[in-house]
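Worksheet: one structure, shown below.
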Amino acid sequence: MPVQILADSACDLPKDFYLEHNVTLFPLKVQVNGQEYEDVKTIDPKTVYDAIRGGDIPKTSQVSPLLFEEIFTKMAENNEDGIYIAFSSELSGTYQTSVMILDQVKEKYPNFNLTIVDTKCASLGFGLVVREAARLAAEDASKEEILKDVVFRSQHMEQIFTVDDLDYLAKGGRVSKASAFLGSLLNIKPILNVEDGKLVPIEKIRGKKKVYRRLIELMKERGEDFGDQVIGISHADTKETVEVVKALIEEELQPRETYVTNIGSAVGAHTGPGAIAIFFLSKSPS
């Protein structure tokens, strides 16, 4: 029996991915205009972005503990081995909750063989880890082989992005209000990355075109062997811009594949519309 791969919706993979690749989905929750939805399952990202443009401030919450308990218990009863690949513990309480529920389930099923990995990644950076794990599982790789790859990619995933307005991240507590204030005051575009699971502003640049060029420069500084890599790009309702960035990356770096997705509802509730994120490995798997 193949190893079961589980992931939460903050990996920003498209809805059909989970069914096509037999990946168990744990949806985060998103509240928009007073209604609560399940990320991926019952809400699409554009609904969130339109609500933000209309003045609403969406809220998010972690995966339901009851859903963790239900899925983990069913797997334990069926003697299934699994790997739950989780959203950064620095950005959500979902990882901690899953660990707590697993401990409870193992009291009744002590031989339950599930491993939970805190990727310290977000959006499609996290999604690329899940995508490769699902491919390995489909090829009947051992749990040890898949875990080795998951840990390697999580540790070497570079995650750089820019947002239209830092205020969205500040309202969600993801960056400091001082950083957001300076960004809007000077009309400059920030570049951020994910360091040890946290969002950290690293540069501020005036003008969109300069920002996109700087993103490519950062990729060259931090990455290697792009011809053997899948580069991920996720975007928040900005299709024209993502095509420009994709073309720049393919022209300059010639990756093996460029994989583009939407920034999902849960992550997008914090980035706001207009965000562009790029994901790649700093070191190729041996």
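The values are calculated or read from the model by the stated rules, or taken from the named source; none is laboratory data. Since we're looking at a predicted model, the values are computed, not measured. Note: accessible area is taken over every heavy atom of the protein model, side chains too, but ligands, DNA and RNA are not part of it. Shrake-Rupley method; radii C 1.70, N 1.55, O 1.52, S 1.80 Å.
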- In sequence order, what are the phi-derived ³J(HN,Hα) couplings for the stretch 219-227 according to the Karplus relation 6.51 cos²θ - 1.76 cosθ + 1.60 with θ = phi - 60°, rounded to whole Hz, with x for glycine and proline? 4, 5, 6, 9, x, 7, 6, 4, x
- Message: Taking all protein chains in place and a 1.4 Å probe, what share, in percent, of the accessible surface of the chain do carbon and sulfur account for?
- Response: 48 percent
- Just for the Cα atoms in the stretch 185-260, what are the lengths along the principal axes, largest first, rounded to whole Å? 40, 31, 20
- Task: Under 1.5 on a/c is rounded, so check that first for the stretch 40-158, then, if it is not, pick prolate when a/b is larger than b/c and oblate when it is not; a ≥ b ≥ c are the square roots of the alpha carbon gyration tensor eigenvalues.
- Result: oblate
- Given H placed 1.01 Å from N in the peptide plane, which residues other than close sequence neighbours of L28 have an amide H under 5 Å from its amide H? S9, A10, D39
- Query: Taking the chain as a Gaussian network, Cα atoms linked when under 10 Å apart, which of E195, E139, E224 shows the biggest mean-square fluctuation?
  - Reply: E139
- Query: With axes computed from alpha carbons, what is the tilt in degrees of helix 239-253 against the longest principal axis of the chain, rounded to the nearest 10 within 0 to 90?
  - Reply: 90 degrees
- Entries in K46/K148; K120/K239; K120/K143; K29/K106; K59/K283; K148/K189 that, when Cα-Cα distance is taken, lie over 32 Å: K46/K148; K59/K283; K148/K189
- Rounded tilt (10° steps) of 143-156 against the dominant C-alpha axis of the chain: 20 degrees
- With all protein chains in place and a 1.4 Å probe, E90 shows an accessible area in Å² (nearest 10) of 90 Å²
- Listed candidates (i) 18.2, 63; (ii) 17.8, 51; (iii) 18.6, 58 - label of the one calculated as Rg and Dmax of the Cα atoms in Å: (iii)
- Query: Where only protein heavy atoms count, and the probe is 1.4 Å, what is the accessible area per residue for the stretch 191-270 in Å²?
  - Reply: 48 Å²
- Note on the structure: Taking the chain and counting helices only, DSSP H stretches of n ≥ 4 at -39,500 (n - 2.57) each over all residues, the nearest-500 ellipticity at 222 nm comes to -13500 deg cm²/dmol
- Task: Using only Cα atoms, find the angle between the long axis of helix 123-138 and the longest principal axis of the chain, and express it within 0 to 90 degrees, rounded to the nearest 10.
- Result: 40 degrees
- Sort the stretch 1-75 into rounded, prolate or oblate with this rule: let a ≥ b ≥ c be the square roots of the eigenvalues of the Cα gyration tensor; rounded if a/c is under 1.5, and if a/c is not under 1.5, prolate when a/b is larger than b/c, oblate otherwise. oblate
- Item | Length released on extending from Q104 to E203, taking residue separation times 0.36 nm less the Cα-Cα span | 31.3 nm
